[in-house]
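The values are calculated or read from the model by the stated rules, or taken from the named source; none is laboratory data. None of the values given here were measured: they were computed from a predicted structure. Positions of Cβ are backbone-derived with ideal geometry, glycine not excepted, and every protein chain shown enters the neighbour counts. What goes into the accessible areas is simple: the full protein's heavy atoms, side chains included, and nothing from ligands, DNA or RNA. Shrake-Rupley method; radii C 1.70, N 1.55, O 1.52, S 1.80 Å.
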Amino acid sequence: LEFIHTGDHEMLREFLQRPPDGTVEGGRFVLRGIRRDGKIIYLETYGGNLMYLGRPASLATIVDITSRKTAEARLMDSKELEAIGRLAGGIAHDFNNLLSIIVGNIQMVKEDVEHRPEAFAKADAIEAASVEATQLVRELQAYAGAKG
């Protein structure tokens, strides 16, 4: 037990306390092991409880699957990033459509209020903010394209 993570002690105890069933294929599970340097590793265990020379015994094969678990975690991370990229791209596309409507309408408003400097200045500020937001959407779309 000193080389097994404390969170997995109970699972190992349950396996070892099973009555012998005469098979070697009695169970398969993953345990966290602890190397001498303290690093956590993942161990896949195959085995079972049986009778050996008239006494109960456990026979197990233990395989270090740490690199496989690390690769699986990286794959999950990349899939999550891909999903975030697709979501960001969809939001950016929809937002870009809305901004196009805003910019188009504000240009028409500016034509209507050309002779009213105060209203024209406000419409001009709205247009400038919309153009800035459009640039942010382009950056978001570029990010989404890189992640998707």
Sites residue 133 and residue 80, calculated FRET efficiency, Cβ-Cβ separation with R0 25 Å, nearest 0.05: 0.40
For the range 1-120: accessible area per residue (Å², 1.4 Å): 73
63, 137, ranked by accessible area, largest first (probe 1.4 Å): 63, 137
Carbon and sulfur %, accessible surface of the range 11-121 computed with the full protein complex present, 1.4 Å: 58
Per DSSP, loop GluC sites (Glu not before Pro) in the range 15-114 with at most 13 further Cβ within 10 Å: 25, 114
Percentage relative contact order, the chain, counting C-alpha pairs under 8 Å, at least six apart: 18
Cα gyration tensor of the range 17-105 - equivalent ellipsoid semi-axes, whole Å, descending: 55, 15, 8
Cα centroid of the range 75-148 to Cα centroid of the range 25-71, whole Å: 55
Length added when fully stretched, residue 120-residue 44, from 0.36 nm per residue minus Cα-Cα: 20.3 nm
Descending Cα extents along the principal axes, the range 58-148, whole Å: 92, 20, 16
